[in-house]
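Contents: one structure, followed by commentary.
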Amino acid sequence: MKYLSLIIALFALINPALALEIKLPAETSMYPANANPAYVTTLQKCLICHSADYALYQPHLSEKEWFKITEKMRLSFKAPITQQEASQIAAYLFQAQQDRVRPARQK
């Protein structure tokens, strides 16, 4: 099985006409606007690395759990955010996720 992917890769190099081209759709998801002051910070800092959908479709997390994640982004992945911004972004993400779920719960 290891060699199958190698054979396919070599075949694509030998015959580039058979190589596949993959076109991804344009990214259109956005963090929902709200009055939280960290909304703009979230747009500026989080969209650098991943889509809004990636964050907002995570399991429902508490604000403390979101803070752990933003701290991991800051410390482990070197996201360009301060500890204060990590805390503010965590509060925004928690609120945005709650706002996204609330209409479904009101049915």
Ranked from fewest to most other Cβ atoms within 10 Å of their own Cβ, Met30, Met73 fall in the order Met30, Met73
What list do you get for Ser62, Ser29 if you sort them by fewest beta carbons within 10 Å? Ser62, Ser29
Read phi for every residue in the stretch 65-75 and hand back ³J(HN,Hα) as whole Hz from Karplus 6.51 cos²θ - 1.76 cosθ + 1.60, θ = phi - 60°, with x for Gly and Pro. 5, 4, 5, 4, 5, 5, 5, 5, 4, 5, 8
Along the Cα-to-C-beta direction of Ile8, a point sits 7 Å from the Cα; which residues of the stretch 21-58 have their amide N less than 14 Å from that point? 21-22
Which order, highest average first, do 79-87, 51-59 follow once you tally other Cβ atoms within 10 Å for each residue and take the mean per peptide? 79-87, 51-59
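Work out the length of the dipole vector of the stretch 25-106 about its Cα centre, built from +1 on the beta-carbon of each Lys and Arg and -1 on the beta-carbon of each Asp and Glu, and round it to the nearest 20 debye.
140 debye
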Once the Cα atoms of the stretch 25-106 are picked out, what are the Rg and Dmax in Å? 12.2, 39
Please rank Lys45, Lys78, fewest neighbouring Cβ atoms within 10 Å first, as an exposure proxy. Lys78, Lys45
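Bear in mind that the values in this text are calculations on the coordinates, not laboratory data. Bear in mind the structure is a predicted one, so any value in this text is a computation, not a measurement. When we count neighbours, we look across all protein chains shown, and the Cβ atoms used for this are built from the backbone with ideal geometry, even at glycine.
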